[in-house]
Amino acid sequence: MASRITSGARLCVRTSIDKLVCNLSRSRHHNAVDTAAVRRGSDRILQCYQKQSNRMRSDHQRNHCRRFTTLQDTDTDSLSSIDPYRLLDDDLRDVYTDITRELELNTNQDELRTIATYYFDGQGKALRPMVAILMAHAINYHMNNNGLDKKQREVAMIAEMIHSASLIHDDVIDQSDFRRGKPSVNALWSHKKVAMAGDYILAVTSMMIARLNHNDVTITLSQIITDLVQGEFMQLGSKETENERFAHYLTKTYRKTASLIANSVKAEAMLAGADDQLVDVSFEYGRNIGLAFQLVDDLLDFVSSKDAMGKPTAADLKLGLATAPVLFACEKYPELNAMIMRRFQEPGDAERAFELVHKSQGLEQTRFLAKKHCLEATRLAGKIAESPYQKSLLVVPDLIVNRMK
């Protein structure tokens, strides 16, 4: 029997987004328009949760979920052939080469160069620079600007560098042995050297941000690093009540993942000279894409293989982390609450939690929430003038929700 999305679960979502709004509004760098947009988004998500809770009581729930896709359902012919990566081939081709050059030029320590550039071998998804450059082109077209500005491309590089620095630090904290289909930096070098290499990448990134010579963009990109550190701290703890846990999880997810994408595309719009409304559209698009990406990532940790993911699966449970699939599964299997509080540390906890998630509707509910964020991103992209780049922004949500790694 399909599990119900109860009023308690809806309260979790309301509490989560309200808490996120509160965190954002406390930042002196985030304007009131952003906060209002987040609240409007929360209302739409809650309405869809209510509708979905009724549908999930139907015997045809699974077939309905398969039909509940993103924009490609309504405009398949015009969008199915669009490949954002192919469209941006010239802009993305040398991104990793240019990042490596920046890192190599700023040190004479050979081993530091090797560690710092280890993940810039072109094997990553390059999602962050792709979305950043897409938004830059789309806003430039909207504003009648000529082509991609050099500073806009550097923002895309900065986004990928901050992301990779966070991966390096994650490898130290999580003691990971495998990433992107090869041994992690943590498995090859000492923790001290790896931690310093992550710091070095952020230091070079800071110099690149300063070179942009744009105060508002500097503040926006600096917020990413602030959020990352706070998100990592949040991940080290957990909350006792179910409502607090979901709020904690979504706020942590925004800070660790979505803030980077949201603020990098916001910076692109600022560099294009966009007005506040268009800057806000860019930020909200990136926020929804980032949240959807992490929700799908948390889902894949339960259903994908190590070969497909390029890293161990079920890793979050082994690290003591309760992600969306587990939090949703708690509704049907309350025994998970005790496991969450002890961070799955007792023998058999991780295996039992894995089993219960698959027996519940936790995976389906996680995918549904990811799809809601993708639909919101699609709606926001519709506010930008039509162009090949804007159409690619419409395709990105489907790439996110249908990815397998």
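Since every read-out is calculated from the coordinates, none of them should be taken as a lab result. These figures come from a predicted structure and were not determined experimentally. We place every Cβ from the backbone using ideal geometry, glycine too, and count neighbours over all the protein chains shown.
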Point to revise | FRET efficiency, Asp83 to Gln109 (Cβ-Cβ, R0 41 Å, nearest 0.05) | key: 0.55
Practice item. When a/c is below 1.5 the answer is rounded, else prolate if a/b is larger than b/c, else oblate, so apply that to region 99-254 with a ≥ b ≥ c taken from the square roots of the Cα gyration tensor eigenvalues. Key: oblate
Review point. Region 168-269: which GluC sites (Glu not before Pro) are DSSP loop and have at most 13 other beta-carbon atoms within 10 angstrom?
Key: Glu240
Study note, to complete from the structure: For Thr97, the net charge from surrounding residues (Cβ-Cβ under 11 Å; K, R +1; D, E -1) works out to -3
**Study point:** Flagged links, alpha-carbon separation over 25 Å, of Lys151/Lys371; Lys182/Lys359; Lys332/Lys372; Lys192/Lys256
**Key:** Lys151/Lys371; Lys182/Lys359
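May I ask you to compute the full-extension gain from Lys318 to His191, defined as 0.36 nm times their residue separation minus their alpha-carbon distance, rounded to one decimal in nm?
Length difference between fully extended and current span is 43.7 nm.
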Exercise for review: Binning at 5 Å from 0, report for region 174-333 what percent of all alpha-carbon pair distances ends up in each bin.
Suggested key: 2, 8, 13, 17, 18, 17, 13, 8, 4, 1, 0
Review point. In nm, to one decimal, how far is the Thr218 label point from the Gln123 one, both placed 7 Å along Cα→Cβ?
Key: 3.7 nm
Exercise for review: Just flag the GluC sites (Glu not before Pro) in region 349-405 sitting in loop per DSSP whose Cβ has no more than 13 other Cβ atoms within 10 Å.
Suggested key: Glu386
Practice item. Set the Förster radius R0 to 45 Å, insert the Cβ-Cβ distance between Met143 and His358 as r into 1/(1 + (r/R0)^6), and round the FRET efficiency to 0.05. Key: 0.40
**Study point:** Between region 203-255 and region 266-305, the Cα center-to-center distance that results, in Å
**Key:** 14 Å
